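Note sheet for the following structure.
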There are 2 protein chains.
Amino acid sequence: MNAWDQSVKSAVQSKRPAGPPPAAPHDLDGEPSYPAGTRSVEGRLLARLLEYLGNPPLEFVLWTGERIAPAGTAVVARVRVSSRATLLGILADPQVRFPDAYSEGRLEIEGDLVQLLETVYHSGRRSPQPSPVRRLVERLHRPHVNTLTGSRENIHHHYDIGNDFYSLWLGETMAYTCAYYPTATSTLDEAQYAKMDHVCRKLRLRAGETVVEAGCGWGALGLHMARHYGVKVRAFNISHEQVAYARSRAESLGMSSQVEYVEDDYRNISGRYDAFVSVGMLEHVGVANYPALGEVIARSIGPQGRGLIHSIGRNRPAPLQPWIEKRIFPGAYPPSLAEMMQIFEPYDFSVLDVENLRLHYAQTLRDWLALFETACGRVREMFDEKFVRMWRMYLAGSIAGFTTGALQLFQVVFAPRDNNDVPMTREHLYPR
Amino acid sequence: MNAWDQSVKSAVQSKRPAGPPPAAPHDLDGEPSYPAGTRSVEGRLLARLLEYLGNPPLEFVLWTGERIAPAGTAVVARVRVSSRATLLGILADPQVRFPDAYSEGRLEIEGDLVQLLETVYHSGRRSPQPSPVRRLVERLHRPHVNTLTGSRENIHHHYDIGNDFYSLWLGETMAYTCAYYPTATSTLDEAQYAKMDHVCRKLRLRAGETVVEAGCGWGALGLHMARHYGVKVRAFNISHEQVAYARSRAESLGMSSQVEYVEDDYRNISGRYDAFVSVGMLEHVGVANYPALGEVIARSIGPQGRGLIHSIGRNRPAPLQPWIEKRIFPGAYPPSLAEMMQIFEPYDFSVLDVENLRLHYAQTLRDWLALFETACGRVREMFDEKFVRMWRMYLAGSIAGFTTGALQLFQVVFAPRDNNDVPMTREHLYPR
């Protein structure tokens, strides 16, 4: 550990338990937090931006060697900006240009990337009540449309870039969704299996029942349900690569008669099942399609079934971080709980249980990032350095999203209104 | 058990496990389900109403002796209508006039009142998607306004009719909210204490902490928290009778320094607390006041607290049953989950846990109704026969509301977005 690492580490340790940073001083006419000295124009602009963001504990080093850092505050990371053009881009559109510049190597970060991004998430917070203008902008913002064709393109963009790549860092289950850590020492793989059991228990699966799964990734949950709960599963997914992988996995385990993987859109689900489950698909559905999803569920499970939806969410409606939407997940939108109700309300579903697992997603992402860093030489060979840096930024930013509460993870259990065959307590979820 | 009871009972037993009744045949031009025979005009109108409601398995006996019952169906209850005026009233406005006629003795019910009302709730169901007109009506419907003064009047109407009356049938805790039955054999009192423990565990109360309670009823929860979890409680309530009772109870237990009961509106809560709790008050707040409630909570618990709201709710927005709103709970409105989010979204609260306890409320109400029936001679002396019948109708109708899913009971745990000191799992709620 070098001196810089040491100083970052001690700054981090002394700051960590103190909770969120103090409220941002938005009064730009007050005493400047960034002493001007002999400051360039670019340096002055950057200092202004940082003051506006509430003086995040970051040091910027410009291409000229000029340093901009808040006075009297230990910093958690240092950002080296390689050119004037890069800085002006960041000043113009920090949310997209900052991660782009990092991906393209026009910006270097020394210190903890996750910490830096947590700092930025905290600093970017505004007053508790979003302004009417911001609300309007958020309402008008519509991510890439998820028509049947649009969905295929959006999903292909992210999930079909190679099973080999994902197998480097997702662990043995290839589950690409929030895991569930029963204890602080659970490993990633243990936590992924624990998540599957948690979901199966919430659905109270009984041997001989049938389950339809909407958006099945590489197929681990369907296999787990069939092998350990004796149910028959039909799992839908529009990612060609994932379905191929899932089918060959089921075949090699001799489970093909128990788990059928269908390469098709959730809107084309047909048949009647005892339970509906969807883990990590809702983020790609789009609020406009929620009533259609509700209709699919209602016709799939009838008046006596039950269902579970597991999805990234928000505390209140807001667009996805624009860089993530642009570079990583086109068409994605994590809903607020109220927005999710547009699935359930029109069909009179009763919401039985909502659990928020956001800190489990932070831990899952930490485990993924650690595996990714171990494998990044291999990833560089498969793609290039830019891809490695982009993916690192995405994983680190997602950790920061969940630890700062910008993102939530909701598991929602529901049943049709008429179904009184629901458990009285949730004790069965916690067997000992 | 007489022959009628016997026939109702066997009809019930043969029907019970079959799930909800079949969908209502809305085609009024089809084969009539009620054979006309020599039917009076009133009888024909009633038959039409019952066909429209999907032929509920009920027999009506008119003042003339004329009987109207669905062909070929065992009935679960018999309704005797005493006069033409009574019947016309019911035909004109069944939701209000039917229970009014029962309260006033102009209508007798033989058989199981709860079963009858469950039948009516099921029959009254419409298509899954409410019509735009109904949605508009529901949006426009506003119950009695809950201004500071209006709230006092509305609460006085229900809660200040006498502690002696409520003590006859609420059990020893005087808790007038949904209990929590850990096992099928739990008694009412056990279940009320279990509910308090469930709430305290969800809030993870630690000795020495402070709690503010909005709407404390007769004060049992505050006392329980202070005695068993070592916290200091400030509990707000605008019911004069309830506050007087709660204070004297705290005094007799020597707990006055630990639990302070304040006769004031939740909007006047001041001070900073570790936790906010409200059990059974939200029904009286009104959706328009939810952001104000959110503001009260935000300023009460700051960035590191947590809270719990326990409230009757709905699967989707709908006005309260109009007779209940008119005669029992003026100003009351049970929200949908999406509506509840209007408390949390503006202040960026993270919803951590939602549990639906509707079947527990059905059981609670069954226990209350049984105690009420035992004490109804005493209630008749305190009030009159009309009051006894009105209250019976209210308790039985509420059971039917919860068993048919017309009503839900949501317990919602939340914390400010910045609070990462939240439990990773809910296992601590289920100690063994």
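Read-outs throughout are calculated quantities, based only on the coordinates presented, and are distinct from any laboratory measurement. Worth saying up front: this structure is predicted, and the values here are computed from it rather than measured. When we count neighbours, we look across all protein chains shown, and the Cβ atoms used for this are built from the backbone with ideal geometry, even at glycine.
Key figures
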| read-out | value |
| --- | --- |
| At q = 0.13, 0.23, 0.24 Å⁻¹, base-10 log of I(q)/I(0) for the range A:345-432 (Debye sum, equal scatterers on each alpha carbon) | -0.65, -1.07, -1.11 |
| Cα-centred dipole magnitude for the range B:340-432, charges only on beta-carbon of K, R (+1) and D, E (-1), debye, nearest 20 | 520 debye |
| Inter-copy label distances at B:G271 (7 Å, Cα→Cβ; nm, one decimal) | 6.0 |
| The range B:148-429 - charge dipole about Cα centre, Lys and Arg +1 at Cβ, Asp and Glu -1, debye rounded to 20 | 300 debye |
| Charge dipole of the range B:148-429 about the Cα centre (unit charges at C-beta), most positive-ward option of B:P423, B:G377, B:W218 | B:P423 |
| Charge tally in the Cβ shell below 12 Å around A:D274, where Lys, Arg are +1 and Asp, Glu are -1, A:D274 excluded | +4 |
| Contact order normalised by residue count of the range A:148-429, Cα under 8 Å, 6+ apart, percent | 20 percent |
| Phi to ³J(HN,Hα) by Karplus 6.51 cos²θ - 1.76 cosθ + 1.60 over the range B:176-186, Hz, x for Gly, Pro | 10, 9, 3, 8, 10, 9, x, 9, 5, 9, 4 |
| The range A:148-429 - share of DSSP beta bridges that are antiparallel (%, nearest 5) | 40 percent |
| Total formal charge among the other residues, if their Cβ is under 11 angstrom from that of B:A246, Lys/Arg +1 and Asp/Glu -1 | -3 |
| Taking B:T185, B:T364 and counting other C-beta atoms within 10 Å, the order from fewest to most | B:T185, B:T364 |
| Residues with amide H under 5 Å from that of B:V259, placed H, sequence gap 5 or more | B:V233 |
| Likely footprinting exposure, A:H310, B:H158, B:H284, fewest C-beta neighbours within 10 Å first | B:H158, B:H284, A:H310 |
| Sites B:R299 and A:H428, calculated FRET efficiency, Cβ-Cβ separation with R0 60 Å, nearest 0.05 | 0.95 |
| Debye, to nearest 20: dipole size of the range B:158-282, +1 on Lys, Arg Cβ, -1 on Asp, Glu Cβ | 580 debye |
| For the range B:308-314, Karplus couplings with θ = phi - 60° (6.51, -1.76, 1.60), whole Hz, Gly/Pro x | 9, 10, 10, 8, 5, x, 9 |
| 5 angstrom amide H check on B:G54, placed H, neighbours 5+ away | none |
| For A:R432, inter-copy label distances in nm, listed shortest first [label point 7 Å out on the Cα-Cβ vector] | 0.6 |
| Residues A:T86, A:T374, A:T147, sorted so that the one with the fewest Cβ neighbours within 10 Å comes first | A:T374, A:T147, A:T86 |
| Label 7 Å beyond Cα on the Cβ vector: A:E108 copy-to-copy distances, nm | 9.5 |
| Cut-off under 5 Å, modelled amide H: who pairs with B:F236 long-range | B:E213, B:A214, B:G215, B:C216, B:V262 |
| Charge tally in the Cβ shell below 11 Å around A:Y361, where Lys, Arg are +1 and Asp, Glu are -1, A:Y361 excluded | +2 |
| Simple label model, 7 Å out from Cα along Cβ direction - B:A244 to B:V41, nm | 5.4 nm |
| Average partner coverage of B:416-427, which counts Cβ from other chains inside 10 Å | 6 |
| Flagged links, alpha-carbon separation over 27 Å, of A:K202/B:K202; A:K232/B:K202; A:K195/B:K202; A:K202/A:K326; A:K195/A:K326 | A:K232/B:K202; A:K202/A:K326; A:K195/A:K326 |
| B:S252/B:R80 FRET efficiency (R0 51 Å; Cβ-Cβ; nearest 0.05) | 0.60 |
| For the range A:387-403, Karplus couplings with θ = phi - 60° (6.51, -1.76, 1.60), whole Hz, Gly/Pro x | 4, 4, 5, 4, 5, 4, 4, 5, 5, 5, x, 5, 4, 4, x, 7, 6 |
| For the range B:245-290: span of alpha carbons on each principal axis (Å, largest first) | 39, 23, 16 |
| Cα-derived Rg over Rh, computed across the range B:148-429 with Rh taken as Kirkwood radius | 0.94 |
